[in-house]
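First comes the structure, then the notes that go with it.
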Amino acid sequence: QVQLVESGGGLVQAGDSLRLSCATSGRTFSPYAMGWFRQAPGKEREFVAAINWSGGITYYADSVKGRFTVSRDNAKNTQYLQMNSLKPEDTAVYYCAAARYSGIYLRERGYDYWGQGTQVTVSS
């Protein structure tokens, strides 16, 4: 059993920055890929960013590319999402996800474990 807990969300103004953290606990089958998704009310959950085990490969949705940075610290079992230049359209619940496999995954079905989500609200 693997648990993921996101933190760091909050209410900010457009142009501000936030750093989300995702702490992983329980048994994890290493190496494993991780990623971030988000979901706004009434919308489908969408891919945000993904990172492989070593952190050497990352991928971003076009909507966040150049503004968001995903990273991980495997010694701390923690994944991060640095969000800069936030826009109102970034408002959503952000979910951390972990796979049971190495590689990198851009779709929900690539992931096996999910956090509870953390709310990010960006005002104009």
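Other residues whose C-beta falls under 11 angstrom from the C-beta of N84 contribute a net charge of +1, scoring Lys and Arg +1 and Asp and Glu -1. Counting only residues at least eight positions apart within a chain, or on another chain, the aspartates and glutamates with an alpha carbon under 15 Å from that of K65 are E46, E89, D90.
Where nothing but the Cβ of Lys and Arg (+1) and of Asp and Glu (-1) is charged, how large is the charge dipole of the chain around its Cα centre, in debye to the nearest 20?
It comes to approximately 220 debye.
You can think of it this way: the chain between N74 and E44 has 7.8 nm of extra reach, that is 0.36 nm per residue less the Cα-Cα gap. With Cα atoms as the point set, the radius of gyration and Dmax of the stretch 52-124 evaluate to 12.9, 39 Å. For the stretch 47-60, 3J(HN,Hα) computed residue by residue from phi via the Karplus equation (6.51, -1.76, 1.60; θ = phi - 60°) reads 5, 10, 7, 9, 8, 7, 4, 6, x, x, 10, 10, 8, 10 Hz, glycine and proline entered as x. Highest-first packing order for the peptide set 30-38, 110-118 is 30-38, 110-118, based on the mean count of other beta carbon atoms within 10 Å. Can you tell which of A99, S7, Y59 lies farthest toward the positive end of the dipole of the chain, using +1 and -1 charges on the Cβ of basic and acidic side chains (Lys, Arg; Asp, Glu)? With unit charges placed on the Cβ atoms, the residue in question is A99.
For the stretch 1-96, the solvent-accessible area of protein heavy atoms averages 49 Å² per residue (probe radius 1.4 Å; ligands and nucleic acids excluded).
Within the accessible area of the stretch 1-100, what % is carbon and sulfur when the probe is 1.4 Å and the other protein chains stay in place? List each step's numbers first, then the result.
Numbers: 2280 of 4820 Å².
Result for the stretch 1-100: 47 percent of the exposed heavy-atom area is carbon or sulfur.
The values are calculated or read from the model by the stated rules, or taken from the named source; none is laboratory data. All values reported here derive from a predicted model rather than from experimental measurement. Cβ: placed from backbone, ideal geometry, glycine included. Neighbour counts: every protein chain shown. Surface areas here come from the heavy atoms of the whole protein model, side chains and all, with no ligands, DNA or RNA. Shrake-Rupley method; radii C 1.70, N 1.55, O 1.52, S 1.80 Å.
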